[in-house]
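Have a look at the structure below, then the notes.
Read the figures in this text as sums done on the coordinates, not as results from a lab. None of these values were measured; they are calculated from a predicted model. A quick note on method: Cβ atoms are made from the backbone with ideal geometry, for glycine too, and the neighbour counts reach across all protein chains shown.
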Amino acid sequence: MNTPISEDDLHAHADGQLAPERQTQVEAWLAVHPEQRAQVDAWREQAAALHRQFDAVLDEPVPARLLPPPAADHWFDARKAAAVAWLMLGGVTGFFLRGETVQELQQPLAAMSSLPRQAAIAHAVFVPEVRHPVEVGADQEAHLVAWLSKRLGSELKPPQLEAAGYKLMGGRLLPGDSKKGVAQFMYENAARDRLTLYVQPDAPTADGTGFRYAREDGIDVFYWVDGRFGYALSGSTGRDDMLRLATLVYRQHDK
């Protein structure tokens with residue numbers, strides 16, 4: 001008689017840690033439980049995303065401030081440092097895959113990421129969505145703007161991009177560095193190209209307030225800081241086209 005499939009079995013299956021016989025049993029069980037299979041697939045994608053973002057850290061040298069003084073024991077070599085890094089990554093991955101929310105994880109991740117990086121990640125997550133690309137649609141724009149303005153602590157004005165062929169689809173609230181959260185507005189044109197405008201309250205100004213450009217994993221991001229807000233427009237229609245669109249958005253917020 002087969003042992004019942006547990007949640008631990010599903011996590012181990014997602015991580016590729018099951019013995020062959022048990023893996024076969026779990027695969028057979030998932031074949032008749034589509035909801036659980038979708039959950040396992042989601043865990044695998046989350047783990048892959050974390051590896052894509054953090055694996056490069058393993059190739060970086062250990063910061064000097066973390067190394068022992070020359071007179072200390074020499075056990076802390078590069079291989080042990082790499083092992084520590086892998087354990088840290090495994091801990092973060094396990095924390096994520098054990099069902100903790102994206103909002104809980106976003107706090108430490110946001111501290112490591114720049115404004116364009118955070119905007120590009122949010123863009124990559126929601127732009128492919130077919131049924132739920134936004135949380136509140138443009139048909140409720142007044143409600144959307146009032147809600148996000150209240151949450152971020154200041155009046156927001158989604159830019160008008162109809163002249164460039166883009167219509168507002170709606171927006172959503174995202175986790176951010178503070179309890180206020182971050183706003184994301186999404187736009188789409190007739191060719192189904194989508195743009196997202198990421199609006200972060202209390203944005204750091206260490207990089208200055210000028211109009212800047214970054215390319216994050218194939219996504220073009222133009223970003224700037226105006227007052228207490230940081231803005232980042234993300235899209236994949238090419239740098240020149242994105243510059244045109246970002247300039248239009250920038251000028252509306254710069255008034």
Q: Estimate the FRET efficiency between ARG239 and ASP15 by the formula 1/(1 + (r/R0)^6), using the beta-carbon distance for r and 51 Å for R0, to the nearest 0.05.
A: 0.85
Q: Please report HIS132, HIS13, HIS123 as a ranked list, fewest other C-beta atoms within 10 angstrom at the top and most at the bottom.
A: HIS132, HIS13, HIS123
Q. Under a Cβ-Cβ cut-off of 11 Å, what is the net charge of the residues other than ASP220 that fall near it, where Lys and Arg count +1 and Asp and Glu count -1?
A. -2
**Q.** Gyration tensor over alpha-carbon atoms, region 113-253, equivalent ellipsoid semi-axes in Å
**A.** 19, 19, 14
